[in-house]
Structures are given as C-alpha cells and as structure tokens.
1. In straight Cα distance, which lysines are under 20 Å from Lys147, not counting same-chain residues fewer than 8 positions off?
2. Over 18 Å between Cα atoms: which of Lys52/Lys189; Lys52/Lys80; Lys100/Lys188 fall into that group?
3. Probe radius 1.4 Å, ligands and nucleic acids ignored: give me the carbon and sulfur share of the accessible area of the range 93-203 as a rounded percent.
4. Suppose accessible area is computed on protein heavy atoms with a 1.4 Å probe; arrange Arg24, Arg31, Arg154 from highest to lowest.
5. For Asp47 paired with Lys144, estimate the spin-label separation in nm (one decimal), with each label point 7 Å from Cα along the Cα-to-Cβ line.
6. So between Glu185 and Met34, what do we pick up on full extension, going 0.36 nm a residue minus the alpha carbon distance?
7. Taking the Cβ-Cβ separation of Arg77 and Glu57 as r and a Förster radius of 25 Å, what is the calculated FRET efficiency to the nearest 0.05?
8. Under 14 Å from a point 7 Å along the Cα-to-Cβ line of Asn117: which residues of the range 132-175 have their amide N that close?
Amino acid sequence: AVVSTQSTGTKFGFDEIYLINLTRRTERRKRMLMLLELLGIQVKIFDAVDGKELTQEMLDSMEVKQLTGYEDPYHKRALKFGEIGCFLSHYRIWEEMVAKKYQKILIMEDDLRFAANFNSNFEDMLYELEVLNLDWELLYLSRKILKHSEKWVRGSSRLVIPKYSYWTASYMLSKSGAIKLLQQEPLKKMIAVDEYLPLMFDSHPNKEWSAQFSPRNLIAYSVNPLLIEPQFYIGQEGYISDTETSNIIEKSPKDEL
C-alpha cells in the first residue's frame, strides 16, 4: 500500500522511484524525505510489510514457504518474520512494476545516506549505461561486497559485474528483471531477499539452494564506487534492524516454515 508521494523533483528518467518505509518508522520517513527534497528527487513512499504484524496463518494464506534446506549463513537459523516482511515488500513492488508496465524503476530502503555529489555521479553513470548500450536487468547502487576482484564492464569507468553481495538498500530494476524474479515463484521457496538477488544472477555460493531455482540468468551490474550506503552499520550506535530483531518463524509439519 502506498501512503504518500513526494510530488516534486526529478525521477532521473525512471517510471517510478520507490522508497520502502514501515509506517511506524516515522522518523526514518521524515529524514529520508528531507534528504530527497534537498537532492530534488521525486519518490513514491511504499508502505512496507511489517514483520511484526505477520502471523503463521497469514503466511499460509499467501503460500509463503521457506526454501527446503535454508538457514541463515551466519546465524544458522530459519527466516525471521522481519526478513519475510522485507522480502514481501520488495516482491510487491516487483508485482506493481509488471502490472503497471513500467520499463525501469529505482528502489530505495529508508535507512540510507547518499554519497557526495550523488545526483551528478548518478546521472553520469546513467549516461555511461546508455552510451555502452548495456542490456541490464538489475543494477546495485548500494550493497555489501562479499567477493572482491570483480571485473569492470568493458569500456566503463563506473560499472562492475557483481559477485555474491548482500543488502537490498538500493537497486535499479528493469521490466524483464522483475519478470524473472517473479517467475520463480519465490514466495513458495523463500530465502532472504538479499540472498535471492545474487542467486538469480548465479553468483551464490550455496549450490543446493541455487539448484532449486532455474534459470538463474538475471543480468546484473553494480556502480563502483557505490553511490548509497546504509545510514548505520551493524554495531554502530544508532543501528536498528527491523529484520534482525524480529521473531524466527516456527517449523511447520511440512518442514517448510
């Protein structure tokens, strides 16, 4: 559900720029809208799915099932309700993009900070993307790089081919990319959304998970250096996570949720 739109400013040629925000996180919404107004960027606020309001009955009604064999790579646990809410928030934007026949969108979460000279650097990257005539489907503006020694795009000074990465803080998505992400019916075999994206461009180290999704041919790139970072990193004073602090789902008799 959309709660409001910031109606003035640029959309950099995108059909829509989405800002994902939990309605109870009013301080984040105010802060982001202030920053975006200063940058002159027009966004549509997308009401996030709140993991704290999800129940097992709701998940069953949506046919949400955890991927067989999934556990968090670091904490060795099942999905948390906050992680499911995060996935559903992104998933519903992908659905809206296809339903409205958008060609390209930009997605932002609400706990970001923009790099210096964001607008001009972003416009330069978009121009380079056009000049190189790259057939892109996903393009990260922000991520946690887990594998280094990434290759530069031939002829580019701003774009790399991403390897396994975390976070969904901000990324560009094309219509064909959204269709590929939806066609896998990922709600029926859910993993964390920032695991799903690299899995879909076939850069995930867990081959057992990857084998349950096919084809894994999402065309992905990343800007380098990154143009957006989290407002806070884990462990920093002020860091709050609506995914990490939520409850873990219970195993069902089907061993899926």
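1. Hits, sequence-local ones excluded: Lys163, Lys207.
2. Values: Lys52/Lys189 21 Å; Lys52/Lys80 10 Å; Lys100/Lys188 24 Å.
Violating the 18 Å limit, Cα to Cα: Lys52/Lys189; Lys100/Lys188.
3. Working: 2230 of 4750 Å².
C and S atoms contribute 47 percent here.
4. Working: Arg24 90, Arg31 55, Arg154 220 Å².
From most exposed to least exposed: Arg154, Arg24, Arg31.
5. Label at Asp47, label at Lys144, 3.0 nm between them.
6. Values: separation 151, 0.36 × 151 = 54.36 nm, distance 3.63 nm.
Result: 50.7 nm gained on full extension.
7. Working: r = 22 Å, r/R0 = 0.87.
Working from the Cβ atoms, E equals 0.70.
8. Counting backbone N atoms under 14 Å from the label point, the list is 158.
The values are calculated or read from the model by the stated rules, or taken from the named source; none is laboratory data. Remember, predicted model here, so these are calculated numbers, not experimental data. As a convention, Cβ positions derive from the backbone with ideal geometry for all residues, glycine included, and neighbour counts pool all protein chains shown. We work out accessible area using only protein heavy atoms, side chains counted, and drop any ligands, DNA or RNA first. Shrake-Rupley method; radii C 1.70, N 1.55, O 1.52, S 1.80 Å.
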